[in-house]
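Asker: First the structure, then my questions, so here it is.
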Amino acid sequence: MQARTGQDVMRKLQYDQVMESVGLLRQAHDEIRILTEKKDYRPAAGLLADCQESAIAVGTLLEQTEGESCPVIPLIEEYCEQIYRFHEELTGEQTGGAAGQETFRKMHKRLQQQLTAMENAVRHSVTVRREAVFLPYKASMWDSLESVWKAADADEACDAYVIPIPYYDKNPDGSFGAMHYEGDQYPAYVPVTDWRGYDFAERRPDVVFIHNPYDEFNYVTSVEPFYYAKNLKQYTAMLVYIPYFVLDEISPDNTEAVKGMEHFVTVPGVFHADRVIVQSEDMRRIYINVLVETFGRETRDVWEKKILGLGSPKLDRAGSTKKEDLDIPETWEKILYKPDGSRKKVVFYNNSVSALLQHDEKMIGKMKSVFAVFQEYRDTTALLWRPHPLIEATISSMRPGLWEEYRKIRDDYLEAGWGIYDDTADLDRAIVLSDAYYGDPSSVVQLYKKTGKPIMIQNAEVTGD
């Protein structure tokens, strides 16, 4: 549904403010009763004036959000009138009147009754809406948030905003390089809100979803620092981190494998988020065990509450994408089909950042060998090359010499035109369109397993020779 603004919308934050004000008024009533019983009328009168101001503020908020026809408004007016009469009686007592304690008790009881009527009216007549904000940075990672957004968007009581945020390449010295913004690369059915037009301090969304957990500790890229988890948490009551990746499922009892999970777990997004959604219950146990090992046994209750093994939206998206729904570029069609109209076998070739950094020149040689083989068999097999979306930014920053060789391979492949080069945001199209996976171990493999199609892992040590 489309987000709404203007009248007849009360945010959850505002509703909580109203109910908090009602609770404070009730406490003030109790204090007024005690003061009048002690015949301490001056501070009691001051508290009544404070109650009236608070009630007027609540009424103003309700008029702004619910409109002047809100049924709570007349009850607030009656409440304020009762406060005025009570105040007058107290003032008269201070100047020699004789209202008496019985009158004060009746007035106090009436105030309590009117406050209860106001509270009930708020609970039953005010429609409370929540505001959810989704902050993807790379469009290719949107699948890690999409199914959650769809659920929020379908909720009639929720306004869901998708706000793609800018990010920067990092130079070798850690300074920011070029800025990137991919707000124009999202599916047409996703309404995008300009990041410059949403004021977090003013709107204070009820929940914020992020998939970038690194804050300033990513050596390759950085989102705009305002959107670091440590900063966002001050603008929302619920910051939720959902990883942009899916990992190999390992046993929580496999100590060596769990040790290798630390760099995924001990990141700012996990520390600062109020909730962390991971792909499975086993993965939840692993996160908790790593965090307890890092921060001590006394922190277990914190992580038990924070980490939830509810599944990955990436798996939701991969499982729901159908071949007949794919939008295939015309340039791809020419590569996918033989002259007689029959379809070639399609191999999804994927390169990961870590494999290229680990094997350096060997991986460059391996890629050349792979392309030579698939070019030879291009009449029967179509190669769909989709490297990791951060591979170019990473290599150019961390291995400038290697980057020149990698770029030449990419440019030669594009110029030759016999295979598909996929640098779009839609990973699931490549998964569904292809008949087999070939390439490096990566989170893509975990998604591909769900298809039941063949998976082949390349070995940098083995070439076509």
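Bear in mind that the values in this text are calculations on the coordinates, not laboratory data. Everything numeric here is computed off the predicted structure, so don't read it as measured data. Neighbour counts are summed over all protein chains in view; Cβ atoms, including those assigned to glycine, are modelled from backbone coordinates with ideal geometry.
Asker: Scattering from the C-alpha atoms of the range 10-125 alone, worked out with Debye: what is log10 I(q)/I(0) at q = 0.18, 0.23 1/Å?
Answerer: One equal scatterer on each Cα of the range 10-125 leads to -0.84, -1.24.
Asker: Between the helical axis of 100-125 and the dominant principal axis of the chain, each derived from Cα atoms, what acute angle in degrees is found, rounded to the nearest 10?
Answerer: Between helix and principal axis, roughly 30 degrees.
Asker: Let me ask something additional. Taking the Cα centre of the chain as the origin and placing charges on Cβ (Lys, Arg +1; Asp, Glu -1), which of Met261, Tyr84, His359 is farthest toward the positive end of the dipole?
Answerer: It is Met261, whose Cα lies furthest towards the positive end.
Asker: By how many degrees, between 0 and 90 and to the nearest 10, does the Cα long axis of helix 281-295 differ from the longest principal axis of the chain?
Answerer: 70 degrees
Asker: Could you list which residues have their amide H under 5 Å from that of Asp435, counting only those 5 or more apart in sequence or on another chain, with H placed in the peptide plane?
Answerer: Placed amide hydrogens put Val346, Val347, Phe348 under 5 Å from Asp435.
Asker: Expressed in nm to one decimal, what extension gain is obtained for the pair Thr463 and Asp30 from 0.36 nm per residue of sequence separation less their Cα-Cα distance?
Answerer: Extra length from Thr463 to Asp30 when fully extended: 147.6 nm.
Asker: Could the peptides 285-294, 395-404 be put in order, highest first, of the mean number of other beta-carbon atoms found within 10 Å of their residues?
Answerer: Ranked from most to least packed, the peptides come out as 285-294, 395-404.
Asker: Hey, another quick one. Summing Lys, Arg as +1 and Asp, Glu as -1, what charge do residues with Cβ under 13 Å from the Cβ of Arg378 carry, Arg378 excluded?
Answerer: +2
Asker: What is the magnitude of the charge dipole of the chain about its Cα centre, with +1 placed on the Cβ of each Lys and Arg, -1 on the Cβ of each Asp and Glu, and no other charges, expressed in debye to the nearest 20?
Answerer: Roughly 780 debye, rounded to the nearest 20.
Asker: Amide H to amide H under 5 Å from Gly177: which residues, 5+ apart in sequence or cross-chain, H placed 1.01 Å off N in plane?
Answerer: Asp169, Lys170, Asn171
Asker: Something else now. Report the Stokes-Einstein translational diffusion coefficient (µm² s⁻¹, integer) for the range 129-316, Rh taken as the Kirkwood radius over Cα pairs, at 4 °C with viscosity 1.567 mPa s.
Answerer: Value of D from the Cα-based Kirkwood radius: 75 µm²/s.
Asker: Cα to Cα, under 22 Å, and not fewer than 8 places away if on the same chain: which lysines meet these conditions relative to Lys314?
Answerer: Once the sequence-local lysines are set aside, what remains near Lys314 is Lys138, Lys150, Lys306, Lys322, Lys323, Lys449, Lys450, Lys453.
Asker: Here's a follow-up. Across the range 390-399, in residue order, what do the Karplus-derived ³J(HN,Hα) couplings come to in whole Hz, using 6.51 cos²θ - 1.76 cosθ + 1.60 with θ = phi - 60° and x for Gly and Pro?
Answerer: Couplings: 9, 5, 5, 5, 5, 5, 5, 7, 9, 9 Hz.
Asker: If you split all Cα-Cα distances of the range 270-362 into 10 Å bins from zero, what percentages do you get per bin, shortest first?
Answerer: 12, 24, 21, 23, 13, 6, 1
Asker: Still on this structure: Would you pull out the residues with amide H under 5 Å of Asp159's amide H, same chain only if 5 or more places away, H placed 1.01 Å from N?
Answerer: Arg130, Glu131, Ala132
Asker: For the range 80-89, what does the Karplus curve 6.51 cos²θ - 1.76 cosθ + 1.60, with θ = phi - 60°, yield as ³J(HN,Hα) per residue in whole Hz, taken in order and with x for Gly and Pro?
Answerer: Residue by residue, the range 80-89 yields 5, 5, 5, 4, 4, 5, 4, 4, 4, 4 Hz.
Asker: Report the Cα centroid-to-centroid distance between the range 362-377 and the range 21-98 in angstrom, as an integer.
Answerer: Taking the Cα centre of the range 21-98 as reference, the centre of the range 362-377 is 81 Å away.
Asker: Also, quick follow-up: Contour minus end-to-end for Lys449 and Ala201, with contour as 0.36 nm per residue of separation and end-to-end as the Cα-Cα distance?
Answerer: Taking Lys449 through Ala201 to full extension adds about 85.0 nm, to one decimal.
Asker: If you don't mind, another one. List, in order, the whole-Hz ³J(HN,Hα) value for each residue of the range 25-37 obtained from phi through the Karplus relation with A = 6.51, B = -1.76, C = 1.60 and θ = phi - 60°; use x for Gly and Pro.
Answerer: Working through the residues one at a time gives 4, 5, 5, 5, 4, 4, 5, 4, 4, 4, 5, 5, 5 Hz.
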